[in-house]
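To start, the structure under review is shown below, and the notes come after it.
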Amino acid sequence: MITRAFLAACVALAWLAGAGQATAQPALVPPYTVAYQPVGVDEIGWWREMDEEEAVLAQSDLVIRDETLNAYVRKVLCDTVGSDRCNAVRIYIVRAPFFNASMTANGTMRVFTGLLLRVQNEAELGTVLGHEFGHFENRHILGKFKARRSGTDVLAWAAVLGSLAPSYDVVRTYRNLEFSIYGNLYRYGRDQEREADRLAIAYLNNSALRPQAASQMWDNLMAEAEASARGRGLKKPKFDAIAFAASHPPNAERAGYLAELARPDAATRDDGAERYREALAPWLGMFLDDQIKLNDFGASEYLLQALAQGGWTAQLHHARGELYRMRGAPRDLVNAAQFYADAIALDPAHAEANRGLGLSLLKTGQAGAGQAALQRYLDLKPDASDARLIRMMIPDQGAAQ
Amino acid sequence: MKDAPIGLLVGWLAVALASAPFAAHAHKLRERGAPVAVADTPLTVTPSRDWNRLDVRLGKNTEHWTVDGEQLNDVTFFAAITPGQPLVRERSKKREPLPRFTKATLLVEVPELLETTWRTYKRSGSFQMTGIEPGRFLGADGVHFTYEFVDQDELPRRGEARAAIIAGKLYMISFEAPRLHYFAAGIEDFRKLADSARLP
């Protein structure tokens, strides 16, 4: 009986430990501490571990070290959270074509290139950077670590004490306790995400950027996920439901409360779309290439359409041609040839578009026109890495080799 | 105490079961100078040194060889990939489809096929073709290409591959190893292995 009573107490304790902190109130920006230092053995330990991880990350070949791009992303963070706060963070732009960013306890912020490709203005980027900064400012990682440790401690003791009185009832109670504790830990994590979201919108409300962009970003992401699923013939994803072990709240919920919490009188502010496009321009080609080669037709097509809202450029036409040519169905090749031709019409010196056009035409049985396009590719880029092989595909040139 | 021998038996059984996967993954030695068929196809190679054939297969028509372990030097054979087939087995046909080799695939597109496959399959964030040259493979006109990529383990690797399309099927052999030391150390052995590849 004592054991069962203990287990029941554990359940109650676990419930309290994991109780959510979510409230509907918009968060206020917490007071800022200059050069915060870790306190206590847990936090000091975490920071040391993260310092070591950061030293490895700093050497990684996946990190983009371009000074201008890094300075720009840092400026957006500083514009969002304030120039005093942003000094606490080191930003690493990681080449990975997925929508993500992350933060460690010691202030190491990873920003994935897939995120930079997807957000459309400074306010949207600021939303994500502010969210990650919110995790840092409110010491979420330490909180999560402590919650996990307490939860698993309770489970370990319950297992020991439960084994003193092994009966079906005790085993059942233990299983319930396990579900309850793990469920609460996941919910605790999701509540931290909600809190970070509320902080992000609080930073944006205080900044000169347009906070309404935050919910717009989630709407765009949901539309992309839908396009991706449609392209693969999958069911429409559910945006209002989550799994038991989900780490983040449902996207639709996030879009909803972010829209609610944005200051209504800030809706007319500039979101920095033009500045963002300008800063990203030198990188767009590489980020698009990384995305298109992921073999996710629906999402890539959605992103291209979104990027082309301000007008189709030769670069976007070329990327679309590549996307269709790589999927490679006969109808795709016809479309691809058209997109490459559109790119060439805007920029006749676009070598890669001529290559793509040539290959697409060859594959649709138009050898003469295809070889002419490949010849133009070689003329424009005689030292291309595949020049010798392409040359062999043009009869006269091949014979000359 | 009466139950002890049964407990012991159960214990042994658990140990035997736990060790079973290792037995299933018994790697095979590929001895120097002995011609051997690859991936149950007519493609044969005659290694110039001893290699280990790993029992893990990425797909029906593939085979993995290594000297020190697949993360350090990895030779992958893609033997007789037929049109409509991806290079390696898809983890999920619906959620993570891989690009396929098709009848229309041109030789110059084969490096791109490997790149897009690895980008999805290995989740390589960074992948760069460094050279694509015409060259012979299996006695036919083919393509030789080199590339660099960074994997999930963030270790920069270099790769070299040869491919040819023979009777509508794709044959390819690739070598991938960390840029530091292992690529240079193993590339000559790989080239000799690729040179020794024959189709009847």
For this session: With the condition kept exactly as written, say whether any residue in region B:74-93 is in contact with a Gly (Cβ under 9 Å, 6 or more places away or on another chain), at pLDDT below 95 and within 9 Å of another protein chain (Cβ to nearest Cβ).
Result: no
Problem set entry | Top-ranked residue in region A:285-311 [being open to solvent by less than 30 Å² (accessible area, probe 1.4 Å) and aliphatic (A, V, I, L, M); ranked as farthest from A:ALA123 (Cα to Cα)] | A:LEU294
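Out of the residues in region A:260-274 that are farther than 25 Å from A:ALA308 by Cα and among the aliphatic types (A, V, I, L, M), state the one that is surrounded by the fewest Cβ atoms within 10 Å (Cβ to Cβ).
Taking region A:260-274 as the starting set, the residues that turn out to be farther than 25 Å from A:ALA308 by Cα are A:260-266.
Now restrict to residues that are among the aliphatic types (A, V, I, L, M): A:261-262, A:266.
Details: A:LEU261: 21, A:ALA262: 23, A:ALA266: 17.
My answer is A:ALA266.
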For this session: Collect the residues in region A:264-302 that are of a type outside the set (Val, Ile, Thr), part of a helix (DSSP H, G or I) and within 17 Å of A:ALA336 (Cβ to Cβ), keeping them in residue-number order.
Result: A:LEU288, A:ASP289, A:GLN291, A:PHE297, A:GLY298, A:SER300, A:GLU301
Seminar exercise, completed: For B:ASP68, the lone unmet condition from (1) in a strand (DSSP E or B); (2) open to solvent by 40 Å² or more (accessible area, probe 1.4 Å) is (1)
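Tally the residues that are within 12 Å of another protein chain (Cβ to nearest Cβ) and surrounded by 12 or more Cβ atoms within 10 Å (Cβ to Cβ), restricting the search to region A:226-241. Spell out the reasoning first.
Kept after step one, since they are within 12 Å of another protein chain (Cβ to nearest Cβ), are these residues of region A:226-241: A:228-229, A:231-235, A:237.
Next, only the ones that are surrounded by 12 or more Cβ atoms within 10 Å (Cβ to Cβ) stay: A:228-229, A:231-232, A:234, A:237.
Result for region A:226-241: 6.
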Seminar exercise, completed: Cβ pairs under 8 Å, 6+ apart or interchain, first in region B:74-85 and free of Cβ contacts under 8 Å to residues at least 60 places away in the same chain and on the phi > 0 side of the Ramachandran plot, second open to solvent by 40 Å² or more (accessible area, probe 1.4 Å) and β-branched (Val, Ile, Thr), ordered by first then second residue, are B:GLY84/B:THR102
Problem set entry | Every residue from region B:99-158 that is more than 8 Å from every other protein chain (Cβ to nearest Cβ), of a type in the set (S, T, N, Q) and open to solvent by 30 Å² or more (accessible area, probe 1.4 Å) | B:GLN128, B:THR146, B:GLN152
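Would you say A:ALA35 is modelled with pLDDT of 55 or more, touching a helix residue (DSSP H, G or I) at 6+ places or on another chain (Cβ under 8 Å) and under 19 Å from A:CYS86 (Cβ atoms)? Full working, then the answer.
Working: modelled with pLDDT of 55 or more: yes; touching a helix residue (DSSP H, G or I) at 6+ places or on another chain (Cβ under 8 Å): yes; under 19 Å from A:CYS86 (Cβ atoms): yes.
Taking the combined requirement at face value, the residue satisfies it.
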Problem set entry | Among residues of region A:41-93, those that are in contact with a Gly (Cβ under 6 Å, 6 or more places away or on another chain), within 14 Å of another protein chain (Cβ to nearest Cβ) and either polar (S, T, N, Q) or under 22 Å from A:GLY130 (Cα atoms) (or both), counted | 0
Seminar exercise, completed: Taking region A:325-342 and keeping residues open to solvent by 20 Å² or more (accessible area, probe 1.4 Å), within 9 Å of chain B (Cβ to nearest Cβ) and in a helix (DSSP H, G or I) leaves A:MET326, A:ARG327, A:PRO330
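The values are calculated or read from the model by the stated rules, or taken from the named source; none is laboratory data. In this text the structure is predicted, and so the values were computed from the model without any measurement. No Cβ is skipped: glycine too gets one built from the backbone with ideal geometry, and neighbour counts run over all protein chains shown. Please note that ligands, DNA and RNA were not included when accessible areas were found on the heavy atoms of the full protein model with its side chains. Shrake-Rupley method; radii C 1.70, N 1.55, O 1.52, S 1.80 Å.
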